[in-house]
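The values are calculated or read from the model by the stated rules, or taken from the named source; none is laboratory data. Everything numeric in this text was worked out from a predicted model, so none of it was measured. Because the Cβ atoms are built from the backbone with ideal geometry, glycine has one as well, and the counts that use them run over all protein chains shown.
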Amino acid sequence: MSDVVEKTLTALPSLLSLDSQPGAAKLSSTSKLGNLIRGITELTSKHEEEKLIHRELASIKEQVSSPNTSMRQMKELMVRAIYCESLGYEASFSYIHAIKLAQQGTGLEKRVGYLAVSLFLNENHELLLLLVNTVLKDLQSTNLIEVCMALTVVSQMFPKDMIPAILPLVEEKLNHPKEIIRRKAVLALYKFYLIAPNQVQHIHNKFRKALCDKDPGVMTASLHIYLQMIQENAEGYKDLTASFVSILKQVVGGKLPIDFNYHSVPAPWLQIQLIRILSLLGKNDQRTSEIMYEVLDESLRRAEMNHNITYAILYECVKCIYTIHPKSDLLEKAAKCIGNFVLSPKINLKYLGLKALTYVIQQDPKLALQHQMTIIECLDHPDLIIKRETLELLFRITNTQNVVVIVEKMLEFLRMSTDDYTTIDLVGKVAELAEKYPSDCVCFSYKNYTYAPDNEWFIETMNTVFSLSGDTMQPDIPNSFLKLLSEGFESVEEDRKLRLFAVDSYVTLLKGETGKLPQFFLQVISWVLGEYSHLSEELKPATVLELLQKLLDRKQTSSETKSWALMAMTKLCEGRAGVSVAQQVSETYISSMDTVLRQRAQELQHLSQDSELRARVLPRDADLEPLEVDSSLSFLDGFVSEALAAGAAPYKPPHQRQEELSQAKVLSLEPYGLSLPISMSSCSIADRQSPTLLSMSSGLSGDSTDLSHKGGSTTLKFEGVKRVWGKEGYLAQKESVEEAVQVEAPSPLRSTSQQAEVVGSHSQTPTLTPTPEPEQEKQQLASSLFFGISSQSSVCLMGKSGPTPQRFRRKAKGQSSSSGATEQMSNSVVFTSTTVDNLLCNNPPDSTITSEVDVSSSKHTSELPQGLTAANGTCDIEAELTDSDLKGSSPPLSGDNGLENADPDPHENLDKPQGVCLSSHLPAELSGLCRSEITPLCTLQNLDLSACHVHREDTIVLVVFITNSSDSAVQHIRLDLDSELLEVSCVSESPAKDVRSVAVYLYSLTVRRPAVHVELAGTVSYQVPVGTPQTAQFSYKLPLTAFIRPLTVSTEEYGTMWLAFSHDTKQNLTLINDGQEPLVATLNVLRKKLQLHVVEVIGVEGILACKLLQDQPCLMHFRVHEGALAVWLRSPVPDLPDCLIYHCQRALQEH
Amino acid sequence: MQKKSKTLLLLIHQLLCIYQFNYHLRKMRFLLLFSRQGKLRLQKWFTPISEREKKKIIRDMTNMVLARQPRSSNFLDWKDLKIIYKRYASLYFCLAIESQENELLALEVIHRYVELLDKYFGNVCELDIIFNFEKAYFILDEFLMGGEIQETSKQIVNRCIESSDMLQEDDNSEWYEVELFG
């Protein structure tokens, strides 16, 4: 403290000497405020400070209420009051005077008044209502500064309900001749948009005007609104893409006044705002993305100066490039950029690089490999935030192979963490990982130990998680853990082992020091022991009872835990010894103050005496018979209808109440809490066995009066938690394993080049030769961390570091050796695909890799048997073919192969001879199915290629027709298809070889990644007897709707699925109004056009479901709201909702 | 059946509401200035927060930031937010942003604010801010608004402040308006 005083004193002379700076009003140190401040710095104790401030406040209070105080004095007093408040002393008496000062003061006094108001009051303070009149007056003032002040305070804080009062005035200011006023008006409207979007809906076109404003400041301000609006509905603003691009181009090109430069970078904030907008617009939209490639490239190129602000811009560019429709050379540049960040010695940049890497890692896991050594180093970084971000990154790339190591790293971090928030977050993540990969027994080597993510690992990890998390854990973690245990996995034997292991481990824990175990964990232990301790043969119930009794006797045990323990004892009290213990315990607790405990004690007492009743109430393995839970609470229907009949208000959902209230201009409500409802379903695992549920359900029936009003704040929580490993969740997990297979299974042809690449990048690191001990450890760690991502690289690393030479070694010579090498591979997932076909068909996920490799041999090459001569073609086909020859060359590929609606008769289109002709070549099993028009793909000298897609129940079949229009034989026809978004597998070549003029190829297609349209690229090559080989390229485009099939689910299933899906999108669509009920009509159109399943329609709402082949569901919720159709889509597949909503919109537009 | 699905739809609505509320969070949450001794010099809250919560945040921030090791990054995790801090002489500037925001940019927001203060006060020091904190607030209000950048041009911000300073000397506001609005 004393050195502060000293410094202040030495600084005083300079303060007192007036300098010529125009703004530096340093005189104030002689003022009363100056005295106050100096007085406080001279004090030595908190107590003295308090005394001084209270004295000060008393004097301020006296003066402000005196009628003789002038406004100028008032201003001075107000500044002092602000100072006292900021020291943490309340000066609420001055609030009203601050408002008065804003009202009556002029110039600077007014300004101080407004400042004091904005510092003293928050948005919800009731005194703010008194400010409305002042603001109104100032908005109409002819003094521009007063208008500015009013607009400033309005955009900082304004009562939501009073917005209509000033809205017209603020709107008027959008046309003000002074740009500063326009800018502030735009910002005020932005604020209104945030807190009450409905009220500014009518001025959207004025926002456009602001966007076109000649002043860059006003334009920049309007971008805040646009960013927000585009975030909510990107589709509606696609038309502005070109404008944003051209603005960005001008900014990047330095067209703005030099004044906007920041460290000689032109308007960086504006640039970043624009890039963010572009990334929202270009997401999943190839056409829009194409418009912005050039300017993004330019931004990347221009931002080369070595300054934080350029790095900030680069970071946004990289994020944008990975968000929009991919373009390979931009991706390459972005990846390089990330590399520069990550490798930078500057710690801030390194952090940002890791953050960017975390963002892009899912699209491009290869990038993690390039930087694996850096990532490993960052794991041990002294700065916690870097460590944390690295863990986040690893969390994203977890797979069955590296889960053990990653979880260990996370636990390591947890042990050191002191921050509750981090602990909760990480504990959740570890638990998620542990539950995701528990039973895949994949062994691998790390530090000469063999770890297996198996039962033991799972239980031990969960033990650590429970004991580390303290009592801060989210309750759904123990719940889902118990659910997992009780529902079990695949085999009964495995389940038994798992439970047994849990029991053994818990008994050991209880025998040790239990003092530090969190209550949650003790509850879990109690439940597991009660339920499963009978599985262990050597464990006697008496021993368990004794342990539980010990637990009960401990002082630290909370009463909730005690009730769990009592419940467990109830399940276990067998035999004479058991009964006597039970009696003893129940006597202790039967008179407990806690009613729940008393209840449990009663139960224990009665059930221990009547073993028959006990067996009926608490059967062993109760989980075998699924319990019916009435999640809709229909048992309350009677109660609800009675209450309604008695005049109670019907239930209204919260948002409706909110709207009504805001219409009624009532003061605003409390904001909703952000926490998601906690699951009761996951707690229902314990159902009858769990003591909490019993008490909860009794609680439910107890306050059911509230129930109908509170919007189910307690009741509707039933299925709130995403089940990681439940019966439903299990499927999803399967899918992810399959995905992993696709990622991992390498094409042998690819591995050569990749290995070379990895070797190359590896040799840059100095760790290669000779490998020192810690480095070697790091490399081992790296290989175990990054194993699943690409097996090649681990080959390389493992090969160099030595200790496990054979295990992952894999020669990249091709098919023969790869099948030989599989013998040793313990990893069933990666290496079981022994057949050549399998390896070939698993396309690598990243097309950029494949394009580097010899394409023709890696793809589905089907070679036509020599021939395809067209010598003796039947006459009529021949004739039609020449006809088609003429037509075939001209029509361009229609963008959107519209479906001919399921007409079994292929001859419907008689006016399209080619189609008719070719459709007769459709294989018998495909004719009669719904298919698209046959469209020509390309025409060569002698060959015509056409294609169509046929909708089958479970798949999409692409049919390619190759028509030979010449007389000469065509040899060596090869057809290669490739697509980034699609999985293509060859079904058959031309089935009938005697049709010499037309060859038919069938491919089945599966969507790898949803996009609005999916495109196939292909090459055809052939040879005529005399002449050089010919090749031609073509492409074929399908709408995503071709892959959509109805998904038949019940409303209940829909409900469970809805909550489990994480990707969603929302938008408003237009309703169709043609006579009948608009919702039904609209839904019908959508159902027909997109092949959806209508689950149910109730009143103004409807729910629909569909799936993307194969088995990737998407749920849709429609609601009529203010004449529009509010649509909300959810799916487990990223991008699927966005793509579908696009098609919904199109379908309705076309209608 | 009808009833059941109704309940379900209600549930969906409820979730919808939560979802909408998440939308409206501000990008910057608060800005604190405090000295090396942990004395608060300036505080700006961009979202409504109760007084008690404010006090707790201020305590947390000063403790965390002052305890940082030298040569670590300028960023910190705090709850679901990122704290960006930078020290200028004896004063720490500490800005809280949402975690998906751009940390480097936030660092430059701080720097730009310091530049603005510097331009106004002329070689700004902690004492300027202590004795003229209301001016520091005025500058901040012209620069940031409701958690967003309002104006990045140095000249424009300064012209605003200086012209309102003139108000003090002369209440007839005609001539400096010419100054302010060009």
**Q.** Qualifying residues in region B:58-85 (those that are free of Cβ contacts under 8 Å to residues at least 24 places away in the same chain and among the aliphatic types (A, V, I, L, M)) - the one farthest from B:GLU103 (Cα to Cα)
**A.** B:ALA67
Q | Selected residue [closer than 18 Å to A:LEU393 by Cα and basic (Lys, Arg)] from A:LYS319, A:LYS283, A:LYS346 | A | A:LYS319
Q: Go through region B:97-126 residue by residue and tally those that are of a type in the set (A, V, I, L, M) and closer than 19 Å to A:TYR315 by Cα.
A: 7
Q: Filter region A:208-240 down to residues that are surrounded by 21 or more Cβ atoms within 10 Å (Cβ to Cβ) and among the hydroxyl-bearing types (Ser, Thr, Tyr) and give me whichever is nearest to A:TRP1128 (Cα to Cα).
A: A:TYR226
Q. Is there a residue being within 12 Å of another protein chain (Cβ to nearest Cβ), at pLDDT 85 or above, in a helix (DSSP H, G or I) and surrounded by 18 or more Cβ atoms within 10 Å (Cβ to Cβ) anywhere in region A:61-68?
A. no
(Q) Condition check: within 40 Å of the chain's Cα centre (by Cα) and among the basic types (Lys, Arg). Does A:ARG183 satisfy that? (A) yes
**Q.** Which listed residue, of A:THR390, A:THR398, is assigned to a loop (DSSP other than H, G, I, E, B), touching a Leu at 6+ places or on another chain (Cβ under 7 Å) and either buried (at least 20 other Cβ atoms within 10 Å of the Cβ) or touching a residue at least 40 places away in the same chain (Cβ under 8 Å) (or both)
**A.** A:THR398
Q.
Of all residues being part of a helix (DSSP H, G or I) and at pLDDT below 90 in region A:238-279, which is farthest from the other protein chains (Cβ to nearest Cβ)? Just the residue, please.
A. A:ILE258
Q: Within region A:517-555, count every residue that is free of Cβ contacts under 8 Å to residues at least 60 places away in the same chain and touching a helix residue (DSSP H, G or I) at 6+ places or on another chain (Cβ under 7 Å).
A: 26
Q. Looking at A:GLU316, is it acidic (Asp, Glu) and either buried (at least 20 other Cβ atoms within 10 Å of the Cβ) or within 11 Å of chain B (Cβ to nearest Cβ) (or both)?
A. yes
**Q.** Members of region A:601-612 found to be closer than 21 Å to A:THR543 by Cβ and surrounded by 19 or more Cβ atoms within 10 Å (Cβ to Cβ), listed by number
**A.** A:LEU604, A:LEU607, A:SER608
Q: Having 3 or more residues that are at the interface with chain A (Cβ under 8 Å from one of its Cβ atoms), farther than 22 Å from A:ARG388 by Cβ and not hydroxyl-bearing (Ser, Thr, Tyr) is the bar; report the strands (runs of 3 or more DSSP E) wholly within region B:40-88 that clear it.
A: B:40-45
Q | Which numbered condition A:LYS336 fails, given (1) over 24 Å from the mean Cα position of the chain (by Cα); (2) buried (at least 18 other Cβ atoms within 10 Å of the Cβ) | A | (2)
Q: Could you pull out every one of the helices (runs of 4 or more DSSP H) wholly within region A:107-163 that has 2 or more residues that are charged (D, E, K, R), within 12 Å of chain B (Cβ to nearest Cβ) and touching a residue at least 24 places away in the same chain (Cβ under 8 Å)?
A: A:108-120
(Q) Tell me yes or no: at least one residue of region B:137-144 is facing chain A (nearest Cβ under 7 Å), outside any helix (DSSP H, G or I) and in contact with a helix residue (DSSP H, G or I) (Cβ under 9 Å, 6 or more places away or on another chain). (A) no
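Residues are listed down the side, and each one gets a yes or a no for (1) under 18 Å from A:HIS534 (Cβ atoms); (2) loosely packed, with under 14 Cβ neighbours inside 10 Å:
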{"residue": "A:LEU547", "(1), (2)": "yes, no"}
{"residue": "A:LYS550", "(1), (2)": "no, no"}
{"residue": "A:THR557", "(1), (2)": "no, no"}
{"residue": "A:SER563", "(1), (2)": "no, no"}
{"residue": "A:ALA577", "(1), (2)": "yes, no"}
{"residue": "A:ARG614", "(1), (2)": "yes, no"}
{"residue": "A:LEU636", "(1), (2)": "no, no"}
{"residue": "A:ALA646", "(1), (2)": "no, yes"}
Q) For region B:103-114, which residues satisfy the criterion of being free of Cβ contacts under 8 Å to residues at least 60 places away in the same chain and at the interface with chain A (Cβ under 9 Å from one of its Cβ atoms)? A) B:GLU103, B:LEU104, B:LEU105, B:LEU107, B:GLU108, B:HIS111, B:ARG112
Q.
Testing B:LEU127 on (1) out of contact with any Phe, Trp or Tyr (no Cβ under 7 Å at 6 or more places or on another chain); (2) at pLDDT 90 or above; (3) within 11 Å of chain A (Cβ to nearest Cβ), one condition comes back false. Which one is that?
A. (2)
(Q) Regarding region A:280-298, can at least one residue be identified that is outside any helix (DSSP H, G or I), of a type in the set (D, E, K, R), in contact (Cβ under 8 Å) with a residue 12 or more places away in the chain and in contact with a Phe, Trp or Tyr (Cβ under 9 Å, 6 or more places away or on another chain)? (A) yes
Q) Given the residues A:SER968, A:SER985, A:SER990, which is the only one that is at pLDDT 70 or above and not β-branched (Val, Ile, Thr)? A) A:SER985
Q. In region A:509-534, what residues are buried (at least 19 other Cβ atoms within 10 Å of the Cβ) and more than 39 Å from the chain's Cα centre (by Cα)?
A. A:LEU510, A:SER533
**Q.** Those residues of region A:69-106 which are surrounded by 19 or more Cβ atoms within 10 Å (Cβ to Cβ), within 48 Å of the chain's Cα centre (by Cα) and at the interface with chain B (Cβ under 10 Å from one of its Cβ atoms), in sequence order
**A.** A:MET78, A:VAL79, A:ILE82, A:TYR83, A:GLU85
Q.
Checking the structure you have, find out if any residue of region A:1076-1087 is over 22 Å from A:LEU1148 (Cβ atoms) and not in a loop (DSSP other than H, G, I, E, B).
A. no
Q. Of the residues B:ILE156, B:ILE149, which is at pLDDT 85 or above and either on the phi < 0 side of the Ramachandran plot or at the interface with chain A (Cβ under 8 Å from one of its Cβ atoms) (or both)?
A. B:ILE149
Q. If we keep just the residues of region A:1096-1110 that are of a type in the set (Val, Ile, Thr) and more than 8 Å from chain B (Cβ to nearest Cβ), which is farthest from A:LEU1047 (Cα to Cα)?
A. A:VAL1100
(Q) For region A:167-198, which positions are more than 14 Å from chain B (Cβ to nearest Cβ) and of a type in the set (S, T, N, Q)? (A) A:ASN175
